[in-house]
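Let me begin by presenting the structure, written as structure tokens, before commenting on it.
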């Protein structure tokens, strides 16, 4: 094994290796939990790896083992030539591996974006002229330079994840570890975030370890490891792994939507897919088109003869026998029925507006003149991109945020009045995006 100084020299031309790694939480206690058992794993320098697994499978534990936040109770970990066997090696591994957590609030500590990004390199002893350059370069790379003086709590979820990456980039790591970093992001923000990760990986030759259960993200990887019941149950290229869809489903996982559609069409038409035929979106589309053409052309298949693929292609939405309604029309009809039936209004919101930091230059408008009634027994969905104001709205409903201006009334109680808050909260429960924020023991 290399000494510490020899390991530092080798940092840039080796990779990550785990051999026989085991880890158990709360050993000897009633809640003892095996997280990892006899894990063997290899990651080459510059490689993009995805680690898949259901909740509780051991994925996050694996991430923390790789960057030495946790040390293996059994087995060996080598991170670019260094083994976490002493304080110097552990420090160097943590310095060279950047970890982006699922909840970015857990790793944001600065009062402004630039202060937060500067925290890491400043603690590494980076001198001031270089520190300023690193902060500006990192914020610019993630598209947040114009917001450098804004308080982090005014950012959207996607912007906070980008801020977390900026803080890591400023420390110039060789490995980027994403611990389910996109699980709370909307699809558009997730795609934007992953484009940034791919770009950084190419430009800076970063080794990327993406801990995820998002199948579309896994497609971007060079290689996939699947963790199930604390072991590596499956591994291979994305094409090889997703070809084994039955095994993935048995492990509580899914396959990318386009592969799933192509597989179902192949099963329905009794024309099996060939290896890797439906791996890409374009390949899956061609596979589906080919099988449907063959299926419809057969004289034995009369089920769809009234509408061939060509006629289906020209069919406009809403032209089928069954009537269709747009979501907005359907929702309006349902709410009109509620009003007509004089169903009880439980929550009434009128003219609600809210701005974060209204007296500062970095003010952020979250809500503007929002009005809505919520009826008894109604299931109401709120949809919107990250930063659209959804969380700000629901936090008004039980008085976590007081309406200014506007009126929020719950069961006839004005939430703006302090005396009503306790009564409102007895009947209106709020489940946060991050459950750890409301778990106290």
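Here are the numbers:
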quantity: Label-to-label distance, nm, for residues given as residue 376 and residue 282 (7 Å Cα→Cβ offset); calculated: 5.8 nm
quantity: Calculated FRET value between residue 132 and residue 297, using beta carbons and R₀ = 45 Å, to 0.05; calculated: 0.10
quantity: Estimated 222 nm signal from helices in the chain, with DSSP H stretches of n ≥ 4 weighted -39500 (n - 2.57), rounded to 500; calculated: -11000 deg cm²/dmol
quantity: The chain, relative contact order in percent, only Cα pairs under 8 angstrom and at least six apart counted; calculated: 13 percent
quantity: Length gained when the stretch residue 140-residue 106 is fully extended (0.36 nm per residue, less Cα-Cα span); calculated: 10.0 nm
quantity: Label-point separation, residue 153 to residue 268 (7 Å along Cα→Cβ), nm; calculated: 5.1 nm
quantity: Shape of the stretch 371-441, Cα gyration tensor, a/c cut at 1.5; calculated: rounded
quantity: C-alpha center-to-center spacing [the stretch 81-137, the stretch 22-70] in angstrom; calculated: 23 Å
quantity: Approximate spin-label separation residue 71-residue 432, in nm, with each point projected 7 Å along Cα-to-Cβ; calculated: 3.2 nm
quantity: With 10 Å bins from 0: P(r) over the stretch 4-250, alpha-carbon pairs, percent; calculated: 7, 31, 36, 21, 5, 0
quantity: Which of 271, 194 has the fewest Cβ neighbours within 10 Å, and the rest in rising order; calculated: 271, 194
quantity: Coordinate range along principal axes, alpha carbons of the stretch 257-303, Å, largest first; calculated: 31, 17, 15
quantity: Entry for Rg and Dmax of the Cα atoms in Å (calculated from the structure that is shown) out of (1) 26.3, 78; (2) 22.4, 78; (3) 23.5, 70; calculated: (1)
quantity: Sorted peptide list for 352-361, 52-61, criterion being average Cβ within 10 angstrom, highest first; calculated: 52-61, 352-361
quantity: DSSP bridge pairs, the stretch 171-260: antiparallel proportion in percent, nearest 5; calculated: 50 percent
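Coordinate-derived values only; no laboratory data. Treat the numbers as computed from the prediction; the structure is a model and nothing was measured. Using ideal geometry, Cβ is built from the backbone for each residue, glycine included, and neighbour counts are taken over all protein chains shown.
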